[in-house]
Amino acid sequence: MMKEKVSTERFAFIDTIQDWFFPKNRFWGLISLFSFFFLIILQIIFSISYSINPTGRQETDFLVLPILALFIFSIFWRGSIPTFLSLTGSLMTYTGMYYIQAKYFDLQNLPPTIANRLGYGTISQSHFHIDQYAQLYFLAGIFFLTLCLVISLKPSFFRARGAKYSPYPIWESKNSKIILDKKFSSLIPVSSLLNFAEQHIATTYKYITITNYGVTYFVSPDDWIPRESIIIRDKETGSLMGIPKVPDGFNIW
């Protein structure tokens, strides 16, 4: 019972975060794209300016860190996978753009050859040339950030045709046991919250969306739900929202 209650509260918290960001979905998408391409432009500028000012990259963290933080903030709310990818990609990108270059800067300024400790032979500077490692980290970071963008902005790209996917938990009448502490008055059929026309339309849906105390669920039109539930409808058309029995390819959950 305690685990189920915690799970319900977690879904409520996630819905609250997404409800705050989603009304400006396009704005946050543009911010993610802007910060992503700005990082690539910065890397190109740093690479070109290195021959002019080798110490310039040592002072670039004030640019790199805010842009990476902005990218993470603009995209973390889209799900756990984008959050993980954004954090991983940002860490690797920061390592490639700044950390390695700053930490091993002195090694890059050694003379072409140096004597080893025993005095036998020389050690080439190429052993200490770390640009290639920094570039490898940067490219790996950009790969993760690109994957994060694609999954966040175009999730259907990775979804197999016909695969079952549900952004909300499925409500069943037995779930009322999870939220008994809310003191629902009673359970009522879903159809009782629909008008006459909607009752006929609902028969074409496998699930429709409802909300219980801020938590959004998918529910079968034939199921029973708490009396306090609210049917979620499209803001512009007022039509039901959910998963149709025969997908038409244009439904957005």
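Each value in this text was obtained by applying a stated rule to the coordinates, not by laboratory testing. Because the structure is a prediction, the values reported are computed rather than measured. Neighbour counts are summed over all protein chains in view; Cβ atoms, including those assigned to glycine, are modelled from backbone coordinates with ideal geometry.
Read phi for every residue in segment 82-99 and hand back ³J(HN,Hα) as whole Hz from Karplus 6.51 cos²θ - 1.76 cosθ + 1.60, θ = phi - 60°, with x for Gly and Pro.
Ordered by residue, 3J(HN,Hα) equals x, 4, 4, 5, 5, 5, 5, x, 5, 5, 6, 5, 4, 4, x, 7, 9, 4 Hz.
Report the full-extension gain for the segment Ile230 to Ile31: residue separation times 0.36 nm, less the Cα-Cα distance, to one decimal in nm.
68.3 nm
Roughly how many nanometres apart are two label points built 7 Å out from the Cα toward the Cβ at Ser191 and Thr146?
5.3
Could you order peptides 87-94, 30-37, 234-241, 196-203 by the average number of other Cβ atoms within 10 Å of their residues, highest first?
Working: 87-94: 20.4, 30-37: 16.4, 234-241: 10.9, 196-203: 12.9.
In descending order of packing, they fall as 87-94, 30-37, 196-203, 234-241.
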